[in-house]
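Engineer: I'd like to ask you about the structure that follows.
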Amino acid sequence: QVQLVESGGGLVQPGGSLRLSCAFSGRTFSNYAMGWFRQAPGKEREFVAAIHWSGGSTHYADSVMGRFTISRDNAKNTVYLQMNSLKPEATAVYYCAADSLRRLRIALVPNAYNYWGQGTPVTVSS
């Protein structure tokens, strides 16, 4: 059974930075594409960023492009989300997700991911 545990969330001021981590266990990490999603109160869960199982490509939501960076360290079984120039609109619970299919292209929809972490809250406020 795959287990995902997010960490690194918290309270930051607008314009600040935060790095989220997601620890993967239970299976071979290098076989899984990894994604980050977020959900604000009263809103739909939305795609933020994802990285291909091979690590060869990434994809970002338009709203975070240029400010967020997703990366993975297969030696540590960990995926990261570096968030810079944070805006209040980024306030949400952030979820790490794993896709077990070794797809040719990165999946952008939540239903494609079959394992999820518990979420870590991020609040951007002064």
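Engineer: Residue under question is Gly16, and the condition is that it be touching a Leu at 6+ places or on another chain (Cβ under 6 Å) and in a loop (DSSP other than H, G, I, E, B); does it hold? Let's see the steps before the verdict.
Structural biologist: Numbers: touching a Leu at 6+ places or on another chain (Cβ under 6 Å): yes; in a loop (DSSP other than H, G, I, E, B): yes.
So Gly16 fits the description; yes.
Engineer: Within the stretch 67-103, how many residues turn out to be part of a loop (DSSP other than H, G, I, E, B) and within 23 Å of Gly55 (Cβ to Cβ)?
Structural biologist: The first filter runs over the stretch 67-103 and keeps only residues part of a loop (DSSP other than H, G, I, E, B), leaving 67, 74-77, 84-87, 91, 100-103.
Filter once more, keeping what is within 23 Å of Gly55 (Cβ to Cβ): 67, 74-77, 84, 100-103.
So the answer is 10.
Engineer: Any idea how many residues of the stretch 16-64 are in contact with a His (Cβ under 8 Å, 6 or more places away or on another chain) and small (Gly, Ala, Ser)?
Structural biologist: Adding up the residues that qualify gives 3.
Engineer: Out of the residues in the stretch 1-54 that are closer than 16 Å to Phe68 by Cβ and among the basic types (Lys, Arg), which is most open to solvent (accessible area, probe 1.4 Å)?
Structural biologist: Applying the filter and picking the extreme gives Arg19.
Engineer: Further question on the same structure: Restricting the first residue to the stretch 1-26 and requiring it to be under 11 Å from Leu81 (Cα atoms), which pairs with a second residue that is among the basic types (Lys, Arg) and modelled with pLDDT of 95 or more meet a Cβ separation below 8 Å and a spacing of at least six or different chains?
Structural biologist: Hits for this filter: Gly8/Arg19.
Engineer: Within the stretch 104-120, can one find any residue that is open to solvent by less than 60 Å² (accessible area, probe 1.4 Å), part of a strand (DSSP E or B) and among the polar types (S, T, N, Q)? Spell out the reasoning first.
Structural biologist: First pass over the stretch 104-120, keeping only residues open to solvent by less than 60 Å² (accessible area, probe 1.4 Å): 106-107, 110, 112-113, 115, 117, 119-120.
With the extra rule that they be part of a strand (DSSP E or B), the set shrinks to 115, 120.
With the extra rule that they be among the polar types (S, T, N, Q), the set shrinks to 120.
Yes.
Engineer: Follow-up. Report yes if some residue within the stretch 82-98 is at pLDDT 95 or above, more than 22 Å from Ser7 (Cβ to Cβ) and open to solvent by less than 60 Å² (accessible area, probe 1.4 Å); otherwise report no.
Structural biologist: Looking through the stretch 82-98, none of the residues is at pLDDT 95 or above, more than 22 Å from Ser7 (Cβ to Cβ) and open to solvent by less than 60 Å² (accessible area, probe 1.4 Å).
Engineer: Could I ask something else about it? If you go through the stretch 64-73 one residue at a time, how many are loosely packed, with under 15 Cβ neighbours inside 10 Å, over 14 Å from Ser21 (Cβ atoms) and not hydrophobic (A, V, I, L, M, F, W, C)?
Structural biologist: Restricting attention to the stretch 64-73, the residues satisfying the condition of being loosely packed, with under 15 Cβ neighbours inside 10 Å are 65-66, 73.
From what is left, the residues that are over 14 Å from Ser21 (Cβ atoms) are 65-66.
From what's left, not hydrophobic (A, V, I, L, M, F, W, C): 66.
Number of matching residues: 1.
The values are calculated or read from the model by the stated rules, or taken from the named source; none is laboratory data. Predicted model, so just to flag it, every value in this text is computed and none were measured. All Cβ positions, even for glycine, are placed from backbone atoms using ideal geometry, and neighbour counts span all protein chains on display. These area figures cover heavy atoms from the full protein model, side chains too; ligands, DNA and RNA do not enter into them. Shrake-Rupley method; radii C 1.70, N 1.55, O 1.52, S 1.80 Å.
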